[in-house]
Every structure is written in C-alpha cells, then in structure tokens.
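Take a look at the structure below.
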Amino acid sequence: MLKPHWGPGPKAKFFGGQRQALVTLGTSRPKDLGLPYTQWSLSRLQKAAIERGVVPSISEERLRVTLLETDLRHPSLRT
C-alpha cells in the first residue's frame, strides 16, 4: 500500500533584500508606520509586508519561519 508523503513544500525564494526588509518591518513599531496598533501579530505583519510591496505574497507560517531563521526575537512580535 502506498502512503502519501507530505513535505513542507519548496523553500521560500526571496530576491534582493526581501528577507532583510521583512526583518526590518518586523522590528519597526507599527505606530511609527502610521498603523493603528502597537504590536505586530503575524497576520498584521503579513498584511503590511504585502501592502508595502516587500513581498508579493507570503503565508503566516513562512513569515514565522523566516523570522525565526534570522533569530528575530522582538518583544512586540506576537504569534
């Protein structure tokens, strides 16, 4: 019997400074960017990254993994 093998999908492909731009956005204060909240959540950060043109699209999970890979441990980033 064949069992399906589900993988995590392809590794994210970032171009130019997209990874650094995500980290920069994640370490910024939402209020300083004119947003109506004081803390980032993954969904808010995802929406802001897409709206600001940092990346064309990104899932919350890929965003979480990317930030962890860059050792981002910012106190205002909530999951």
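Here is how the numbers come out for the structure above:
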item	result
Search result, residues across the range 20-46 that are β-branched (Val, Ile, Thr) and within 10 Å of the chain's Cα centre (by Cα)	23
Single condition residue 48 does not satisfy, out of (1) within 16 Å of residue 69 (Cβ to Cβ); (2) surrounded by 11 or more Cβ atoms within 10 Å (Cβ to Cβ); (3) of a type outside the set (Ser, Thr, Tyr)	(1)
Residues of the range 1-30 satisfying the condition of being among the small types (Gly, Ala, Ser) and either touching a residue at least 60 places away in the same chain (Cβ under 8 Å) or under 20 Å from residue 68 (Cβ atoms) (or both)	7, 9, 12, 17, 21, 26, 28
Some residue of the range 55-67 being surrounded by 14 or more Cβ atoms within 10 Å (Cβ to Cβ) and either part of a loop (DSSP other than H, G, I, E, B) or modelled with pLDDT of 95 or more (or both)	yes
Scope the range 31-45; condition touching a residue at least 12 places away in the same chain (Cβ under 8 Å) and farther than 17 Å from residue 67 by Cα; matching residues	33, 35, 38
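The values are calculated or read from the model by the stated rules, or taken from the named source; none is laboratory data. Keep in mind it's a predicted model, so treat the numbers as computed, not measured. Reconstructed Cβ throughout: ideal geometry from the backbone, glycine too, with neighbour counts over all protein chains shown.
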